[in-house]
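Asker: Got a structure for you, written out below as structure tokens; questions coming shortly.
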Amino acid sequence: IWTAARSAVLAIAILILGDFLSIQKISRKVIVASVVILGLLYIVFFTDLLINNPLIQKTLSALEQGSITNGRNRFAEIVLNYYNDSTSVWEKVFGTGMSSLRNILQANASVGVGIHAHNDYINSLCGYGLVGLVVFVICQLKPIKLYKKLIYIFLLEAFLFILSFYNGLAMYTVLTPCLIMIFIFFMKSESKKVSGDLKQREGGLT
């Protein structure tokens, strides 16, 4: 929140929700939910933190400038236009390379910086073509088989989608190897929930 990384805040909120759902005892859930609600009520009625924080200020500033994504939609539009209008069939299928992607944005007068599109779907499509995009999506969906509960599959995929769509997992090399920790986190959460359900059933049988 204080670094105004909005996509990261959304991703962390998903992790918090996953952790909350993994709590086995209803009484603990009620306590946690009550503390959170009371905390939010205090912030709303007795402080100005709801508005006066870097996250909200950055969002309001972005809205005033006409782009809530701070230009990310413009980056994506520039790259997609290049892909549609200036690439051969071969390049559409196999891509133009990531260095070319950066050159596209650097050459554009409204950007002028050698950056990526801050969207891994767009990056994959232009950099590695339709083949690369398909491979990326398959890799994103592959961890689904690690889980049995639909809610944890949804939370994991939402986490991956938010960071991929609004920032770019593959472009941040520090985060990519750490994804295994996220997979384990949801596996742990699911196993706690399953374990709790089994204990309740055993208690009912006895």
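Asker: What's the total number of residues in region 147-206 that are in a loop (DSSP other than H, G, I, E, B), within 30 Å of I115 (Cα to Cα) and either modelled with pLDDT of 90 or more or of a type outside the set (G, A, S) (or both)?
Answerer: So the answer is 6.
Asker: Same structure again: Could you please find all residues in region 1-54 being surrounded by 13 or more Cβ atoms within 10 Å (Cβ to Cβ) and charged (D, E, K, R)?
Answerer: R6, D19, K29
Asker: How do the pairs read when you match residues in region 19-33 that are assigned to a loop (DSSP other than H, G, I, E, B) with residues anywhere that are open to solvent by less than 80 Å² (accessible area, probe 1.4 Å) and modelled with pLDDT under 90, using Cβ under 6 Å and keeping only pairs 6 or more apart or on different chains?
Answerer: S22/S189; S22/K192; S22/K193; Q24/G196
Asker: Report yes if some residue within region 76-87 is of a type in the set (G, A, S), closer than 26 Å to S124 by Cα and under 18 Å from the mean Cα position of the chain (by Cα); otherwise report no.
Answerer: Yes, region 76-87 contains a residue that is of a type in the set (G, A, S), closer than 26 Å to S124 by Cα and under 18 Å from the mean Cα position of the chain (by Cα).
Asker: Given the structure, is I182 open to solvent by less than 80 Å² (accessible area, probe 1.4 Å), more than 14 Å from the chain's Cα centre (by Cα) and among the aliphatic types (A, V, I, L, M)?
Answerer: On the way: open to solvent by less than 80 Å² (accessible area, probe 1.4 Å): yes; more than 14 Å from the chain's Cα centre (by Cα): no; among the aliphatic types (A, V, I, L, M): yes.
Judged against the criteria, I182 is not a match.
Asker: If you scan region 94-118, which residues turn out to be under 18 Å from G132 (Cα atoms), open to solvent by 50 Å² or more (accessible area, probe 1.4 Å) and touching a helix residue (DSSP H, G or I) at 6+ places or on another chain (Cβ under 7 Å)?
Answerer: F94
Asker: Of the numbered conditions (1) open to solvent by 70 Å² or more (accessible area, probe 1.4 Å); (2) touching a helix residue (DSSP H, G or I) at 6+ places or on another chain (Cβ under 6 Å), L163 fails exactly one; give the number of that condition.
Answerer: Unmet for L163, out of (1) open to solvent by 70 Å² or more (accessible area, probe 1.4 Å); (2) touching a helix residue (DSSP H, G or I) at 6+ places or on another chain (Cβ under 6 Å): (1).
Asker: Given the structure, is A8 within 19 Å of F159 (Cα to Cα), in a loop (DSSP other than H, G, I, E, B) and at pLDDT below 90?
Answerer: no
Results for (1) surrounded by 20 or more Cβ atoms within 10 Å (Cβ to Cβ); (2) at positive phi; (3) hydroxyl-bearing (S, T, Y), shown as yes or no for each residue.
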position	(1), (2), (3)
D120	yes, no, no
V131	no, no, no
V137	no, no, no
L141	no, no, no
Y152	yes, no, yes
N167	yes, no, no
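Asker: Then there is this: Does region 61-74 contain at least one residue that is farther than 30 Å from M187 by Cβ, open to solvent by less than 80 Å² (accessible area, probe 1.4 Å) and among the aliphatic types (A, V, I, L, M)?
Answerer: Checked against the condition, which is being farther than 30 Å from M187 by Cβ, open to solvent by less than 80 Å² (accessible area, probe 1.4 Å) and among the aliphatic types (A, V, I, L, M), region 61-74 yields at least one hit.
The values are calculated or read from the model by the stated rules, or taken from the named source; none is laboratory data. Bear in mind that the values here come from a model prediction, so they are computed numbers and not experimental data. Counting neighbours? That spans all protein chains shown, and the Cβs are built from the backbone with ideal geometry, glycine included. Just so you know, the surface numbers come from the protein's heavy atoms only, side chains and all, with ligands and any DNA or RNA stripped out. Shrake-Rupley method; radii C 1.70, N 1.55, O 1.52, S 1.80 Å.
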